[in-house]
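The values are calculated or read from the model by the stated rules, or taken from the named source; none is laboratory data. Predicted model, so just to flag it, every value in this text is computed and none were measured. Please note: Cβ atoms are built from the backbone with ideal geometry, for glycine as well, and neighbour counts cover all protein chains shown. Just so you know, the surface numbers come from the protein's heavy atoms only, side chains and all, with ligands and any DNA or RNA stripped out. Shrake-Rupley method; radii C 1.70, N 1.55, O 1.52, S 1.80 Å.
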4 protein chains.
Amino acid sequence: MLIVMEAGARPEQIEAVVRHVERMGFKAHPIPGAHRTAIGITGQAGAADPEVLENYPGVKEVIRVSHAYKLVSREAKPDDSVINVGGVDVGGKGIVVVGGPCAVESLDQSRAIAEGIKNGGGQLYRGGAYKPRTSPYSFQGLGEKGLEILAKVREEFDLPVVTEAIDHESLALVDQYADCIQIGARNMQNFSLLKAAGRARKAVLLKRGMSATLEELLLSAEYIMSEGNYNVILCERGVRTFADHTRNTLDLSVVPAIKRISHLPILVDPSHGTGKRNKVAPMSRAAIAVGADGVLIEVHHKPEEALKLYETVTKPGAMSVWSSEAGGRREALLQRNPKLAAAITPAVTSSNAAPMKLP
Amino acid sequence: MLIVMEAGARPEQIEAVVRHVERMGFKAHPIPGAHRTAIGITGQAGAADPEVLENYPGVKEVIRVSHAYKLVSREAKPDDSVINVGGVDVGGKGIVVVGGPCAVESLDQSRAIAEGIKNGGGQLYRGGAYKPRTSPYSFQGLGEKGLEILAKVREEFDLPVVTEAIDHESLALVDQYADCIQIGARNMQNFSLLKAAGRARKAVLLKRGMSATLEELLLSAEYIMSEGNYNVILCERGVRTFADHTRNTLDLSVVPAIKRISHLPILVDPSHGTGKRNKVAPMSRAAIAVGADGVLIEVHHKPEEALKLYETVTKPGAMSVWSSEAGGRREALLQRNPKLAAAITPAVTSSNAAPMKLP
Amino acid sequence: MLIVMEAGARPEQIEAVVRHVERMGFKAHPIPGAHRTAIGITGQAGAADPEVLENYPGVKEVIRVSHAYKLVSREAKPDDSVINVGGVDVGGKGIVVVGGPCAVESLDQSRAIAEGIKNGGGQLYRGGAYKPRTSPYSFQGLGEKGLEILAKVREEFDLPVVTEAIDHESLALVDQYADCIQIGARNMQNFSLLKAAGRARKAVLLKRGMSATLEELLLSAEYIMSEGNYNVILCERGVRTFADHTRNTLDLSVVPAIKRISHLPILVDPSHGTGKRNKVAPMSRAAIAVGADGVLIEVHHKPEEALKLYETVTKPGAMSVWSSEAGGRREALLQRNPKLAAAITPAVTSSNAAPMKLP
Amino acid sequence: MLIVMEAGARPEQIEAVVRHVERMGFKAHPIPGAHRTAIGITGQAGAADPEVLENYPGVKEVIRVSHAYKLVSREAKPDDSVINVGGVDVGGKGIVVVGGPCAVESLDQSRAIAEGIKNGGGQLYRGGAYKPRTSPYSFQGLGEKGLEILAKVREEFDLPVVTEAIDHESLALVDQYADCIQIGARNMQNFSLLKAAGRARKAVLLKRGMSATLEELLLSAEYIMSEGNYNVILCERGVRTFADHTRNTLDLSVVPAIKRISHLPILVDPSHGTGKRNKVAPMSRAAIAVGADGVLIEVHHKPEEALKLYETVTKPGAMSVWSSEAGGRREALLQRNPKLAAAITPAVTSSNAAPMKLP
């Protein structure tokens, strides 16, 4: 259930509604928006009485929500969420580029890559200290030593750090060392971990599972938010299909689908999403064109020597090389058909759009 | 097997090789390129002797091809193919927009839509006279009467016409009336129809099957080319997956994958590929950004009245509306990071790229 | 729309309803059942007036059908259909085993395999004269010469023949030479071919497409039946998924799903469905246990020399070898728990089941 | 790497090899078989020197393993593993039936269901105390109170208990209260949880993830075994595909595929695997016929009132109802073709089969 407050509702009116909800045994989530505040009501045991709530001063409307998700939805919060990760905004009008190695291997390696990312225009550093690996005999990451390296890189290069947590223990450490907690695709429905992330202080980057529907992804984000952490960033990283020309099938249509339903920012990971280095640049362009809030790129200074060898690993220089690839096609088009040329540039952010009603 | 002729090989040298190949019981396909001519050799019964061929004057190299496809590959023809459809180039440096109704219903309907497409910047008209429908009780198209309507529309609006053929009979008529023969996704492996299309005079637009691999799509194109019709345009229209937020999952990564392997142009159909009207504009942008040679858009002047109701049907006006959607995001980005902004514009065509060796 | 006649309706009453329906511009399909006759009404233009029809003598009920399929459904015909293929019943209480080579190569090869099948307990011979092949350069079958070989095999071994048609031309010949026309997975939505099969005199074996839903498979059968050929046998042969331990994923749950909705028999093809010779025997057992009406097995006398090499090719002897594999497990179980042992034997045919209402 | 000891190798010889391996910094896993002992060697850092090991007394062979899994493979242990769950054997020649409610709701509910399972011939009781639910607002299970109820049910009905653990905390409690720890499909690649299960004392039932390949499933089992817990039972529960007639597509071909590669027992869960109550009986029959070691069935005494309503919930009585379904089809077949009838009975266990070489 959602309580939409009037535009001019006073703080003490909001507070009164929250207290009433809590007295009834539910959890209240005030969500301040640009124009008004909404209050999400969550809890297991049935629903509160909407009629009583409608009579509280400052309450404009009480909405029964049919979808299982509430806090992630644009009904709860019409404006795009902008998540602050160590000073860098994710979501809103800008595009964020997150880069880094699959696994943190050493301080030297991490510094070399960070320098390339900084020069290449990246804003966030992503490197793995805890690696969820398919085989028990593969390198599983440096653990807390890797987190210490990441913290040093952040200080030296002013690049806020994103890194993965794989259980309660690593999550507590990541919450302490990093700026953003990554929950990987294999843990997207590790609900115990999602709840723990919901009690952490840092933002959470939640990757879509390999065969997760849009609704499941949103409900996993809802797990985090229902515990009180509203700083959630979604990430599309490809799904499993029969197609064999890429390792996964990057499902870019999920980006506008999420933008319609949810206020959360969404990044795209073309490195894992395609598994092919030569697809990273074109799919990054497509991700931005379709409306993603940024991309997450696997970057290594010596890809051929990486402990975990991905075909996807991109050299730092390659990020800036993208620019030199842009060329005659678009210019030729502009001259012939300026209207169409404009049409294929990235879409305006949806933050100005009117909130839509969910089905 | 592929015979690559020297840059300066004379026509009579090429002719001599062709005659030798045919004497040996094979079929020879001379493929003139910008710099040199390649000759593809096809046929069921084993392979010709490469040593004899290497000794012919003007022959530079004889390549044994491990992949089953030959004529579609960049080994056979390093330069991008540009296919002429009634005067409109598909492939190369430009972007082509194909629009029209799922089914031709009447002359009035077709004229109204054509006017919108012409004004919206479209270059080709696609409408169905023969409709492959899942149910035998659904409207199956106007048949030859529909083809006559399409021919009138072409004359009045100077829009070359693409339309689907579903069997040998309809193919003969489409070859006569239209400028480009569409082979639909359900017929991508109707090999008898592919061979007939290979004997037609007009260009062929071949749509990817709902669960076709990249290799299968290329081999279906090879069927057409092996009969002598080299004017083939590929089209990605979404594949079947578990994902339920779109009707199909549009697999944009197939575009750069095809560009690496094949010289053929590739269009993207976001209307069938997503099944949602609100996804057509963002996925069209992404298609162009990833390097597609154009888009194929379902357009109807009164979508709510269309005999075959798609959620995907777009009003003609919507095509030009795309332009007004382009906005502040890109401009803001340009000011902050010109290098990155350049990086997210569409890629230069691959025609300048060196031909790659196939695995 | 379906008209259900009373149990005691006389032939002239049925005839009167049929004539009325045809006068109204529709097509009437009388479907005699064990107890009563139903009349399916098909046609493009809207629906007939049910009230008039309800007043005809002998009419019990007029049912508006919401699903797109009619003639395939148990509403139209509650009893299991038993299709006669050259004297062999497919459907009903028996299990049919269809065997043979992927491609007919020679009379000697076909005779050697036929002998093995006859000795192994097989009842029908399936061999390809027209082969739909992914590559244009693969062996495409012997054509009419292959059909002549099949006809000789039938005479010598008293094994009725099933063989694939790939276009109108081959279908006319198959209809003439064989006992059952196979429509392959790649042509499941080749609607022009389905209609032609609906006008043929022989039974049709329709294979499920590689990514066809249950509804699509039934509607393709409906195409055949709506043209007047009610002798349709369905066949599950595996669908495309991400799983890589088999070539396709054999979807056995489709068997009971079809048995609930449709009266048509359903075979299972574990050879193409798994692509692995060592999976053919266990998946055949599972197919029979789940309620399939039979299996279709790829058999070759010299698998290692087959022109079209499948891992799936089974030697004729292997069919009878199944029997020696049956062993201690089931017997041990019988002694411990007779009730459970009974439970895992194949299900009774659904022909005694009450017809269900479709949703 | 695998060290295969001679048939007559003495305990002190085995011990000597183990000590050598550990001195070299690796982990040694002695795996006693019916005829001989194998010693699996695991560890991150490269491989031990095989030549030294081959010279130890009692060593027959040293095998370098190319697949990432070792301990799960038949190379390590040719005989089928039989896992003891509270006195009930899983694997080997018998068939095990596991039944119970999705979620433990109360002692009364659990007792009523247990009575039905006991009478219906079930041997193990599976009920959820910790429920991984897609939505944070769904009932998440009774937790430790549920475990106490399960322990009471076991005592009263002599039904050993299987129940799911979702994190380290619940795993410690499940290890204490239950006889077998279930790891659910969503946690199949929660590697931290797998390692913890590998340190538990009880057997582990590991369900295949919704889009897991066979190799990934085996590697997740390897995670558990590499920590020293060799009592692992696998479970197929359906994978995600485009097909919509069942909730998931039950992939029965994985059963013989696992039997070839691995010595671990494999159960099949037709309740989650199809999501349709009417598919549970036929797919259970098929699972046994294909060679599964048992089935896992969702059972509720009042399915219509279950807190978590599945279409899959089966009444306890239905389990014994299977027997009455068995009928005329098989008998008719037996009379006509005894060889074939034998062929379709469940396969003999693979324990007599010679061990195969892995690719």
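In segment A:85-123, the residue that is nearest to residue A:280 (Cα to Cα) out of those that are free of Cβ contacts under 8 Å to residues at least 60 places away in the same chain and among the aliphatic types (A, V, I, L, M) is A:114. The single residue among B:205, B:194, B:150, B:159 that is of a type outside the set (Gly, Ala, Ser) and within 14 Å of chain C (Cβ to nearest Cβ) turns out to be B:194. The residues of segment D:146-159 that are open to solvent by 10 Å² or more (accessible area, probe 1.4 Å) and outside any helix (DSSP H, G or I) amount to a single one, D:158.
The requirement of being on the phi < 0 side of the Ramachandran plot, touching a Cys at 6+ places or on another chain (Cβ under 6 Å) and at pLDDT 95 or above is fulfilled somewhere in segment A:155-172, by at least one residue. Residue C:133 meets the conditions (1) in contact with a strand residue (DSSP E or B) (Cβ under 8 Å, 6 or more places away or on another chain); (2) modelled with pLDDT under 95 in every case but one. The failed one is (1).
Answer yes or no: is there a residue in segment A:64-72 that is open to solvent by less than 70 Å² (accessible area, probe 1.4 Å) and not in a loop (DSSP other than H, G, I, E, B). No, the conditions are met nowhere in segment A:64-72. Name the single residue, out of those in segment D:32-49 being within 19 Å of residue D:22 (Cβ to Cβ) and buried (at least 17 other Cβ atoms within 10 Å of the Cβ), that is modelled with the lowest pLDDT. Checking each candidate, the answer is D:48. With respect to residue A:77, is the statement that it is at pLDDT below 90, of a type in the set (D, E, K, R) and not in a strand (DSSP E or B) true? Considered against the rule, which asks whether it is at pLDDT below 90, of a type in the set (D, E, K, R) and not in a strand (DSSP E or B), residue A:77 comes out as no. Of the residues making up segment B:204-217, those that are out of contact with any helix residue (DSSP H, G or I) (no Cβ under 6 Å at 6 or more places or on another chain) and either among the charged types (D, E, K, R) or surrounded by fewer than 24 Cβ atoms within 10 Å (Cβ to Cβ) (or both) are B:211, B:213, B:215, B:216. Residue B:239 falls short on exactly one of the conditions (1) open to solvent by 10 Å² or more (accessible area, probe 1.4 Å); (2) without any contact (Cβ under 8 Å) to a residue 60 or more places away in the chain, and that condition is (1). The set of residues from segment A:248-263 being facing another protein chain (nearest Cβ under 10 Å) and either open to solvent by 10 Å² or more (accessible area, probe 1.4 Å) or not small (Gly, Ala, Ser) (or both) comprises A:248, A:249, A:250, A:251, A:252, A:254, A:255, A:256, A:258, A:259, A:260, A:261. Residues considered: B:63, B:3, B:31. Of these, the only one that is within 24 Å of the chain's Cα centre (by Cα) and of a type in the set (Val, Ile, Thr) is B:31. Every condition in (1) over 23 Å from residue D:134 (Cβ atoms); (2) crowded, with 23+ Cβ neighbours inside 10 Å; (3) more than 9 Å from every other protein chain (Cβ to nearest Cβ) is met by residue A:277 except one, and the failing one is (2).
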